[in-house]
Amino acid sequence: MGFFERFVLGRARQWAVAQASGRVLEIAVGTGLNLPLYGPQVEKVVGIDLSEGMLGVARRRIAQERLDRVEVRRGDVQELDLPDDSVDTVVSTFTFCTIPNPLEASKQALRVLVPGGRIVLAEHGPATNKVGRALMRAVEPLFVRFGADHLTRDPAPYLERAGFTIDTVHRSGRGGIGFRIIAHKPA
């Protein structure tokens, strides 16, 4: 993923984290790559992930970096165990492509956000050119089968169907496969 991010998607991860403020929920936190990037505008970060193995790596990263405003725990982003209206920002970086039910994850994110709270996504999706899209569609069955990675999943419609208002969608990276999305929960 590191190679792919550097040479195809650019600095989308850093961009996403820079948009966060207040109480933050990071869905599918994985190994915690984003955790050291959160700035002083963030009060606290709660990271949720299904994989205890990934969380173990994230906990080591938290200890090594001495991150005192961060908590990670096991959970399903499709069934969040957080109270309604309890976070200011939800961050998702390169996760919507692997979540089995991204609509349900979007609904859960909406539920836990305060009114006016934002969701920030850095994701990949279908290329903006025909050749790139065709190539992605051709190899996608292999990526789904062996990595649960839906290469051509556009995250914006899931957010809209869940009830978010889309503020910005910016395409970036080689072939326009990067998505940088900010949306908010209506007040």
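Annotations for the structure displayed:
- Within segment 43-55, being surrounded by 21 or more Cβ atoms within 10 Å (Cβ to Cβ) and part of a helix (DSSP H, G or I) holds for one residue alone: Leu55.
- Unmet criterion (only one of (1) in contact with a Phe, Trp or Tyr (Cβ under 9 Å, 6 or more places away or on another chain); (2) among the hydrophobic types (A, V, I, L, M, F, W, C); (3) within 20 Å of Val169 (Cα to Cα)) for Val70: (3)
- Residues satisfying the criterion are present in segment 72-87 (criterion: touching a residue at least 24 places away in the same chain (Cβ under 8 Å) and within 20 Å of Trp15 (Cβ to Cβ)).
- All conditions in (1) open to solvent by 50 Å² or more (accessible area, probe 1.4 Å); (2) part of a strand (DSSP E or B); (3) under 17 Å from Glu123 (Cα atoms) hold for Glu71, with the sole exception of (3).
- Taking every residue in segment 38-62 that is farther than 23 Å from Thr98 by Cβ and pairing it with any residue that is open to solvent by 20 Å² or more (accessible area, probe 1.4 Å) and assigned to a helix (DSSP H, G or I), at least 6 positions away or on another chain, the pairs with Cβ-Cβ distances below 8 Å are Gly39/Ala18.
- Failed item, numbered, when Gln78 is tested on (1) surrounded by 20 or more Cβ atoms within 10 Å (Cβ to Cβ); (2) farther than 24 Å from Leu37 by Cβ; (3) modelled with pLDDT of 85 or more; (4) under 14 Å from the mean Cα position of the chain (by Cα): (1)
- Restricting attention to segment 93-109, the residues that are modelled with pLDDT under 95 and of a type outside the set (A, V, I, L, M) add up to 9.
- In segment 31-42, the count of residues that are assigned to a strand (DSSP E or B), under 24 Å from Val169 (Cα atoms) and either modelled with pLDDT of 95 or more or open to solvent by 20 Å² or more (accessible area, probe 1.4 Å) (or both) is one or more.
The values are calculated or read from the model by the stated rules, or taken from the named source; none is laboratory data. Given the structure is predicted, the values throughout are model-derived calculations rather than measurements. Ideal geometry is used to build each Cβ from the backbone, glycine not excepted, and the neighbour counts take in all protein chains shown. Keep in mind that these areas ignore ligands, DNA and RNA; they rest on the heavy atoms of the full protein, side chains included. Shrake-Rupley method; radii C 1.70, N 1.55, O 1.52, S 1.80 Å.
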